Structures are given as structure tokens and as C-alpha cells.
Amino acid sequence: MTAPGQPVIAGWPEAIVFDLDGTIADTAADIQHALNRVLLAAGLGQLDVVTVRNMVGAGPRELLRRALTRLRETTEDDRVSRLTAAFQSEYRHHGNGLSKLFDDVEKCLDRLAGRGIRMGVCSNKPEELCKSLLADLGILGYFSAVRGYGSGLPKKPDPQPLLATLESLGTGPDRALYVGDSETDVQTARAARIRVAVVSYGYTLTPAHELDADWVLTTLAELPGLCTQPQLA
């Protein structure tokens, strides 16, 4: 775990907001399955899971645009829209059977909850899919706010969804931490003026230590060690 760029204050943070795919949950296999089903039905090539995991993070439409680009196919708006709709339908139908929590996630959430830290999720994944994934993984109850794409706000790296998540948690940017895995997450946090930690195992082509986050975590088990909130009795 890298050292913080600046000291934190006592009783910090009041709230922690997490990205979802690549940070809390390893969802690449389910996303690859749904994506390849759609590409196959369209008479296009297939993509391996390593390639797909590095395309995740900017929402379904950008995933399909990146997939078409990787396959050297055209990316006109109508085509991307049609394939995005098909992908979302296939993903809902297929479900989350191949997805799993990354190591130490539930242990981390238990420790944070034991300190009275409020928790939320802010993702570019459609909001209904965020909630169904968290429920299927058995951790939805840890989060007082879940904000995904489709809630009427722009996608990250625009800071609005993250700030709206914090508002739902009843805390301000100076009392919060955002945890993600990508350049988009760091850009979002910087725009919202929130400290940010990134995990080293996430869905990004850029190495975590090059993302200019305040901290780099090799596992979420390290996250409670950043917090100055006392353990509740």
C-alpha cells in the first residue's frame, strides 16, 4: 500500500464510495459471455476475457464501441446502439453466475461497517444491474446508496454521480473517500475533490501506480488501515 499524498483528519472518512466492476466484483467472465453471444449473432469475431476486462468501466455503449474497434469493425452510432441494446438484454438474461467478489471484499466491508462508516457504490454500469449484482453476491445490504448509469446523471468521469452518491450518504467530499480501479475513477474523484484509492488488480491497461491516486491497494484488506474512524463497541 502506498503512502498517502496528504495526511487525513481524525474521524475520517465518514463515508466510502466504491466503484463496482474491477474493484469489488470480478465480472469479466459474465460480461465476456454476453458480449460474445451478441457479437456471434451479428456475425462478428469473439474476444477473450483478458481483452474484455480491459474494456470495462465506461458503460455498455463504450464497451460495444471498444469491441467493434478491436475487431476492426465500423462504429457508426446506429450500429453501436443496436448492439448495446442486444448486449444489455443478453447480460440481464445470462445473469451473474460467473461473477465473484475479489479477495477480502466482504472482510473489508465488515470492518468498515464496524467502524460506522457509511458506504455506497458509484458505477457506470446500469443501476438496475449494479443492484442485482450486489444482491447476487450477497453484499447489497452493506450499501446505503447505489448509483449507476441511467439515474438521469452523466457517466463518470463527470463528478455528478459521485457527488450525488455522497449526498445520499449525508456527507461531503472532504469527509469521504472514493475507491476504484481505473483512470476514469481517479479523474472522477479529482473532479469531485475527493481523495481516491485504486486497487492494483483492476480493469485497466494503465498500471495502478501510474494513475496518480492518493493510495494504491494490493487488496481491499488494506483499506480499513487508511481510516482514522475508531472501532465501534
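Computed from the coordinates by the stated procedures, all read-outs in this text should not be read as laboratory data. Bear in mind that the values here come from a model prediction, so they are computed numbers and not experimental data. Here the Cβ positions follow ideal geometry from the backbone for every residue, glycine too, while neighbour counts run over all protein chains shown.
Odds and ends about this structure:
- Between the range 184-233 and the range 121-172, the Cα center-to-center distance that results, in Å: 17 Å
- Cα gyration tensor, the range 28-94 - rounded (a/c under 1.5), prolate or oblate: rounded
- Backbone N within the range 26-47 under 20 Å of label point (7 Å from residue 79 Cα along the Cβ vector): 35-47
- 5 angstrom amide H check on residue 125, placed H, neighbours 5+ away: 149
- Size of electric dipole in the chain: Cβ of Lys, Arg +1 and of Asp, Glu -1, about Cα centre, debye, nearest 20: 280 debye
- Evaluating 6.51 cos²θ - 1.76 cosθ + 1.60 at θ = phi - 60° for every residue in the range 211-219, the Karplus couplings come out as 8, 6, 7, 6, 9, 10, 10, 7, 7 Hz, glycine and proline recorded as x.
- Charge dipole (the chain, unit charges on Cβ, about Cα centre) - positive-most of 126, 36, 142: 126
- Here the Karplus relation 6.51 cos²θ - 1.76 cosθ + 1.60, evaluated at θ = phi - 60°, turns the backbone of the range 157-167 into coupling constants of x, 4, x, 4, x, 5, 5, 5, 5, 4, 4 Hz, with x for every Gly and Pro.
- Per-residue [θ]222 nm for the chain (sum of -39500 (n - 2.57) over DSSP H runs n ≥ 4, rounded to 500): -11500 deg cm²/dmol
- Spin-label zone in the range 15-33 - amide nitrogen under 20 Å from a point set 7 Å from the Cα of residue 71 along the C-beta vector: 28-33
- Sequence-distant lysines (8 or more away, or on other chains) whose Cα lies within less than 28 Å of residue 155: 100, 125, 131
- Each Cα pair under 8 Å and six or more residues apart adds its sequence gap; the mean of these over the residue count of the chain is a relative contact order of 30 percent.
- Converting the Cα gyration tensor eigenvalues of the range 65-191 into ellipsoid dimensions via √(5λ) gives semi-axes, longest first, of 29, 19, 13 Å.
- Farthest toward positive dipole pole in the chain [+1 Lys/Arg, -1 Asp/Glu at C-beta], among 105, 220, 69: 69
- Size of charge dipole - the range 28-94 - debye, nearest 20, with Cβ of Lys, Arg +1 and Asp, Glu -1, no other charges: 60 debye
- Phi-based couplings in Hz for the range 60-66 (Karplus 6.51, -1.76, 1.60; Gly and Pro marked x): x, 5, 5, 4, 5, 5, 5
- Neighbour-count ranking [beta-carbon atoms within 10 angstrom, fewest first] of 190, 147: 190, 147
- Difference of contour (0.36 nm per residue) and Cα-Cα distance, residue 212 to residue 107: 35.2 nm
- Percent of beta bridges antiparallel (DSSP, the chain, rounded to nearest 5): 10 percent
- Fraction of the pair-distance distribution of the range 15-129 above 20 Å, Cα-Cα pairs, percent: 44 percent
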